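Read-outs throughout are calculated quantities, based only on the coordinates presented, and are distinct from any laboratory measurement. Note that the coordinates shown come from a computational prediction; the quantities given were computed from them, not determined experimentally. Quick reminder, even Gly has a Cβ in these numbers, built from the backbone with ideal geometry, and neighbours come from all protein chains shown.
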């Protein structure tokens with residue numbers, strides 16, 4: 001499924017790749033929250049832990065689990081990167097076998113999220129951990145497979161109904177990080193891609209929306225103490 005909000009030209013991607021990681025993550029606050037969250041949680045897992053990356057796509061976080069028995073799955077696998085394919089509400093694995101499950105920015109794309117959380121609970125070992133992220137605010141993407149966005153109360157309901165008793169739900173920044181991310185992926189100019197003015201305007205727009213404004217907004221996030229207007233949440237749950 002093509003996602004216009006993550007697609008980039010080769011030239012833009014080249015320059016992104018040469019930016020040091022710290023600066024690159026500041027320019028993309030949502031990616032920063034997800035990547036640092038998964039990296040931190042991976043370090044706490046014991047060597048040899050059995051980990052499932054559920055909805056792994058191109059497996060961008062596999063590198064953090066080199067000390068673990070890492071497995072990956074997704075609904076489709078066009079590039080032969082995952083270990084097996086399945087729907088996440090029916091995972092072909094025995095119960096109580098995984099020490100940890102990671103699932104990043106996936107739950108909004110499943111039609112029955114409660115069934116997915118139930119499956120995660122089923123295949124986790126006792127005291128196994130679920131590390132999950134999903135958006136509260138984001139534009140439509142990967143259409144038509146974009147069903148839900150989640151508040152912290154929605155997450156809590158899903159987790160409780162699945163059987164999780166212990167969990168922590170943390171906002172991915174507040175209003176200023178949300179604003180930086182929304183400006184980066186506003187999608188307005190892309191609606192006029194057939195216009196002769198598209199590429200000249202894109203050249204002008206990109207350094208403003210994707211570099212300058214994120215750099216200005218990033219350090220202001222501490223001002224928003226409530227963080228009710230957040231990009232989404234990271235979740236740690238224990239079976």
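So, by mean Cβ neighbours within 10 angstrom, what's the order for 133-140, 86-93 with the highest one leading?
Output ranking for 133-140, 86-93: 133-140, 86-93.
For the peptides 192-199, 151-158, 52-59, what is the packing order when you average, over each peptide's residues, the other Cβ atoms within 10 Å and list the highest mean first?
52-59, 151-158, 192-199
Between residue 87 and residue 193, what is the label-to-label distance in nm when each label sits 7 Å out along the Cα-to-Cβ direction?
In this crude label model, residue 87 to residue 193 measures out at 3.0 nm.
Restricting things to alpha carbons, find the Rg to Rh ratio for segment 126-215 using the Kirkwood radius for Rh.
Rg divided by Rh gives 1.12.
Using 0.36 nm per residue of separation minus the Cα-Cα distance, give me the extension gain between residue 63 and residue 44 in nm, one decimal. Write down the numbers at each step before the final one.
Details: separation 19, 0.36 × 19 = 6.84 nm, distance 1.46 nm.
Computed gain between residue 63 and residue 44 is 5.4 nm.
At residue 24 and residue 140, where each label point lies 7 Å from the Cα along Cα→Cβ, what is the point-to-point distance in nanometres?
3.2 nm
Determine the relative contact order of the chain: mean sequence separation of Cα pairs under 8 Å and six or more apart, normalised by residue count, in whole percent.
After rounding, I find 22 percent.
Report the calculated FRET efficiency for residue 111 and residue 76 (r = Cβ-Cβ distance, R0 = 25 Å), to the nearest 0.05.
0.95
Need one number: nm distance between label points at residue 94 and residue 31, each 7 Å from Cα along Cα→Cβ, rounded to one decimal.
Reported label-point gap for residue 94 and residue 31 is 4.0 nm.
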